Amino acid sequence: MIKAYKFWLRGSLTMLLVFSVPVAAWAAPELPADIEWLTNDTDPVYASPEAKKGGTFRDSLLSFPATFRSVGPDSNNSFARVMQSNQLGLIGIHPNTENIIPELATHWAFGKDKKTMYFKLNEKARWSDGKPVTALDFAYTIEFMRSEFIVAPFYNDYYTREIDRIIVYDDYTLAVVGTKAKPDLHLHLNIGPKPRHFFGKLDKGFVRKFNWKIEPNTGPYRISDFKKGKSIKLERKKDWWAKDLRYFKNRFNVDRVIFKVVRDFNLMWEHFKKAQQDVFRITFPDYWHVKSKTAVIENGYVHRIWFFNDTQQPASGMWLNLDREIFKDKNVRYAFAHAMNVQKVIEKVLRNDYFRLEQHYVGYGRYSNNSIKARRFDLTKVDDYMKKSGWKRGSDGIWAKNGMRFSVEVTYGFEGHTPRLVVLKEEAKKAGIELRLQKLDSAASFKKFLEKKHDVAWMGWSTGMRPAFWQHYHSANAHKPQTNNISNTDDAELDKMIDAFRNSLDEAERIDLSLKIQAKIHETGAFVPTFMVPYLRQAYWRWWRLPKIPGTKNSDDLFDPFDPSIGGMFWYDKNLHEETLAAKKKKKKLPPVTIIEETYKMKFLENSKFSTVNS
Amino acid sequence: MKINPLTIKKFRRFKSIKRGYYSFIIFLMMILASLFAEMLVNSRALMVRYDGNYYFPTYGNIIPGTTFDLDYDYETNYRQLAGEFEKESSGNYVLMPPVPFNAYENDLKDDQFPPFPPSIKERHYLGTDAVGRDIVARLVYGFRIAIFFSLALLLANYTIGVSIGSAMGYWGGRFDLFFQRIIEIWSNVPFLYVIIIISSIMVPNFFMLILIMAFFGWIGITWTMRTVTYKEREREYVLAAKALGASNMRIIFKHIIPNTIAIIVTFAPFAVSGGVVALTSLDYLGFGLPPPTPSWGELLQQGWTHLDAWWISGSVIAAMIITLITVTFIGEAVREAFDPKKHTVYE
């Protein structure tokens, strides 16, 4: 049976009932003959062959999710990652090589039009209720995601703007057609299926009806039990269809994962020390250095690991608003950057634990321009730049010119950052710049930035697979509210390069442009990069075991039980568990262990001033 | 100025309650000291003698390092200068205040991380907070802000509350009923939430915060004033004033309020301590005055996240206890001194 589904988009979200009735056009789509099917069974596996199945892994949540729905109101909660991780996509990305690897599809092919990808599904793929996953489930994804009944404008928009249609050739063969030719097509067209047999025809009642329904999934675990407001239990599927696939083998080892709600971060730490939680993230300097000087760690019952990864770094720092009179002068922007004593904050407040972020796009592999260095604290340079623009120090030591003082407001949204900012403020005073700190609620501060009402925004942007220049630096997004160009960068030359980058389908050219754009952005001086944390640190009870290389280049959590790309690499060791409990009972000390794992440490960090901590 | 003998009697009585009286003196001294905090707790020197010239940097503009032939033109680091002069022993000297730190500077060390424990040698008598700021300095400047905040709030609350309260009591009837309902509705507005909402979208400064808090704070005293005025307006002297043709305004402000002053004064000290606590708790929650304003609430918050650094929570809790206890003792003594039962004798 061959069917083709095509859906048309009408822009407005307010139009009702446009997408609720799929338009089925009977045609006979033929698979193009000239496509080349690809697969990947040669990339290195990264799970450990020693891994054993078993055990219960306990973790905690700060709050109970407001819904189990994957879309719609309140669905973007902190538990969503768990739900999403247990829904596989067509393909995955190998966390070390970043090549495509199979997930629900065994084979894939790129169309000649550069906007279509073809997929052959794994015929063994099953929903958690035992029904096979077929191409029709992907066609249904489009219908589902475009429906206005799911009350998810973001998805409505994404699945119309990015994805044109799904072509179903047979039960296990399909094509995903994008709306336009694009580089890195596989990053845009990798969609997941939705169980048509479970949702059926959507209607107005969707949001309420599916609030606490557990949607069938394709991943290794499913929710088996939950107590609202208290706990959620996930059970490993004993005969999971994908358990012997090359990149899934020896992963997802624990039998049960239990999340308990603990509403306070300090309290979670206490729970962890009582072994009511198995792992605790201790990346923060005070947890790593001070709070981990505690009995269970010093007696060796809990191990610590410091794992360097090599992944895209969030762009955190200070964004100058170029629409402000004072920042229109490039010399003043440079002087501002040289007046920020970021190094002192790193050394004196952050215990030398953080690294200086050199520019906006660090960790994007070949797309990153690693020759750029952030402007360092330098009072002579501040003097030079300020004097060049005709400023003089006033009687209070602050630069002044034509009645204007170099006093700017720094807005931020996270209380924990105050210690960093007060040090910057005191140091900037030496350079003749006054920082007025304004701490807002995080949502309020973000709103202020998006409305471009700040002088200096203290914030970080999250990352993607590839550098996103257009949203942050293109003039199309400058001088208007609700866009991500919060520095209001508006440079014709930069625009030209960004446009070329966006329109190019040639990887080499894109990489070349990417490096040039970053150099240009650095020259603009609208962004003062501050810190990056290219690692993670965790404490875990010693009966949990990790592979020899405990994570991957892109791991952001070594004890994520679910993530299809980096998760489920650890396992439970019953003997060690009993041994530890016995030692604890007898108050016997075991050797304390701190692992520092630098396999994936970024190359250019090695020379930086940094001392590792002894174990 | 002629003082009412009754008032003199009240003062005498107050003085005779030793606990309250000494608390009052301590409290006054604390306020006075905090007014001149720049002379006691400051990173600027009290006096510098350099090459025969005298400098008094405490108040006024900054003196750049170049003035003392140092190689920087930001503000002179007087502690460092003092050390250098000592080494040179050329007759130049720097006179530093007893606590040579201001409330904002981070005194950081090379090989250690704050918070640093108390140290007499380093002149951090109560140690430093989590970013290396001196706790004595934060406490003293924080006290000054908190106490003046509280006094200003008191003034604002009582001006509004007393006027409205006595107007309600004086006119009674519909006016009273109307305002009673308004107040009932008003007092049901969850005031803490309103402050949190307001301060999360804009950072309130000192006066804004007083304005916001007075917006809800005036209610408390109205009920008392209303009742007292109801009683007073039936008195003969009010009737007499009316007969003489005094205006309502005059009767309320010149006759009734002076006669109810005992009640107002009795409540005031407790309102002051209430104000301090309110500001501290708002700062603790992060919705008070913007950082890096020195504040007790912020110190308390730091104390909670750094429980092992006992000197942070220890000193701020001690400071709060001392302040609140003195204010409470004063309040107690005032109440007793103004107690009508003590000096009204019917024969």
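The values are calculated or read from the model by the stated rules, or taken from the named source; none is laboratory data. Given the structure is predicted, the values throughout are model-derived calculations rather than measurements. So basically every Cβ, Gly included, is an ideal-geometry build from the backbone, and we count neighbours across all protein chains shown.
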Counting only residues that are part of a helix (DSSP H, G or I) and of a type in the set (Gly, Ala, Ser), which one in the stretch A:495-518 is farthest from A:Tyr473 (Cα to Cα)?
A:Ala508
Per the list (1) part of a helix (DSSP H, G or I); (2) farther than 30 Å from A:Val345 by Cβ, residue check on A:His479 breaks on (1)
For the list (1) within 14 Å of chain B (Cβ to nearest Cβ); (2) loosely packed, with under 15 Cβ neighbours inside 10 Å; (3) not in a loop (DSSP other than H, G, I, E, B), I need the number of the one condition that A:Asp225 fails.
(1)
Scan the stretch B:19-44 and report the pairs whose first residue is more than 27 Å from B:Glu336 (Cβ to Cβ) and whose second residue is modelled with pLDDT under 95 and among the acidic types (Asp, Glu), with Cβ atoms within less than 7 Å and a gap of 6+ or a chain change.
B:Ser43/B:Glu105
Please find, among A:Thr97, A:Thr106, the residue that is outside any strand (DSSP E or B), in contact (Cβ under 8 Å) with a residue 12 or more places away in the chain and within 27 Å of the chain's Cα centre (by Cα).
A:Thr97
B:Asp69 passes all but one of (1) surrounded by 13 or more Cβ atoms within 10 Å (Cβ to Cβ); (2) among the acidic types (Asp, Glu); (3) at positive phi; which number fails?
(1)
Go through (1) touching a residue at least 24 places away in the same chain (Cβ under 8 Å); (2) over 15 Å from B:Asn42 (Cβ atoms) for B:Asp110 and report which single condition fails.
(1)
Determine whether the stretch A:584-597 contains at least one residue that is under 22 Å from the mean Cα position of the chain (by Cα) and surrounded by fewer than 22 Cβ atoms within 10 Å (Cβ to Cβ).
yes
Scan A:Lys291, A:Lys274, A:Lys328 and give me the residue that is more than 14 Å from chain B (Cβ to nearest Cβ), surrounded by fewer than 22 Cβ atoms within 10 Å (Cβ to Cβ), farther than 25 Å from A:Ser487 by Cα and free of Cβ contacts under 8 Å to residues at least 40 places away in the same chain.
A:Lys274
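One line per residue, one yes/no per condition, for (1) away from chain A (no Cβ under 14 Å); (2) in contact (Cβ under 8 Å) with a residue 40 or more places away in the chain; (3) part of a helix (DSSP H, G or I); (4) within 21 Å of B:Ser23 (Cα to Cα):
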position	(1), (2), (3), (4)
B:Ser273	yes, yes, yes, yes
B:Val277	yes, yes, yes, yes
B:Pro291	no, no, no, no
B:Leu300	no, no, yes, no
B:Trp311	yes, yes, yes, no
B:Thr328	yes, yes, yes, yes
B:Arg335	yes, yes, yes, yes
Please find, within the stretch B:56-90, the residue that is nearest to the other protein chains (Cβ to nearest Cβ) out of those that are under 18 Å from B:Asn102 (Cα atoms) and aromatic (Phe, Trp, Tyr).
B:Tyr74
Quick one: in the stretch A:430-450, which of the residues that are facing chain B (nearest Cβ under 7 Å) and either among the hydroxyl-bearing types (Ser, Thr, Tyr) or part of a helix (DSSP H, G or I) (or both) is nearest to the chain's Cα centre (by Cα)?
A:Ala444
Kindly provide the set of residues from the stretch A:396-429 that are polar (S, T, N, Q) and at the interface with another protein chain (Cβ under 10 Å from one of its Cβ atoms), ordered by number.
A:Thr411, A:Thr418
Which of the residues spanning the stretch A:554-565 are touching a Pro at 6+ places or on another chain (Cβ under 6 Å) and surrounded by fewer than 23 Cβ atoms within 10 Å (Cβ to Cβ)?
A:Asn554, A:Ser565
Considering only the stretch B:41-60, state which residues are assigned to a loop (DSSP other than H, G, I, E, B) and closer than 29 Å to B:Leu126 by Cα.
B:Asn42, B:Ser43, B:Arg44, B:Ala45, B:Leu46, B:Phe56, B:Pro57, B:Thr58, B:Tyr59, B:Gly60
Would a scan of the stretch A:177-185 turn up a residue that is surrounded by fewer than 19 Cβ atoms within 10 Å (Cβ to Cβ), hydrophobic (A, V, I, L, M, F, W, C), free of Cβ contacts under 8 Å to residues at least 12 places away in the same chain and not in a loop (DSSP other than H, G, I, E, B)?
no
Can you name every residue in the stretch B:215-263 that is under 30 Å from the mean Cα position of the chain (by Cα), charged (D, E, K, R) and more than 21 Å from B:Ile183 (Cα to Cα)?
B:Lys254
I'd like to know if the stretch B:130-145 contains one or more residues that are touching a strand residue (DSSP E or B) at 6+ places or on another chain (Cβ under 9 Å), at pLDDT 90 or above and outside any helix (DSSP H, G or I).
yes
Being within 30 Å of B:Gly132 (Cα to Cα) and crowded, with 19+ Cβ neighbours inside 10 Å narrows it down to one residue among A:Arg393, A:Arg304; which is it?
A:Arg304
Test: residue in the stretch B:118-125 that is surrounded by 21 or more Cβ atoms within 10 Å (Cβ to Cβ), in a loop (DSSP other than H, G, I, E, B) and not assigned by TED's automatic domain parsing to the domain that holds B:Phe253:
no
Starting from the stretch A:514-527, keep only residues that are on the phi > 0 side of the Ramachandran plot, then list their pairs with residues that are of a type in the set (Asp, Glu) whose Cβ atoms are within a distance under 8 Å, requiring at least 6 positions of separation or different chains.
none
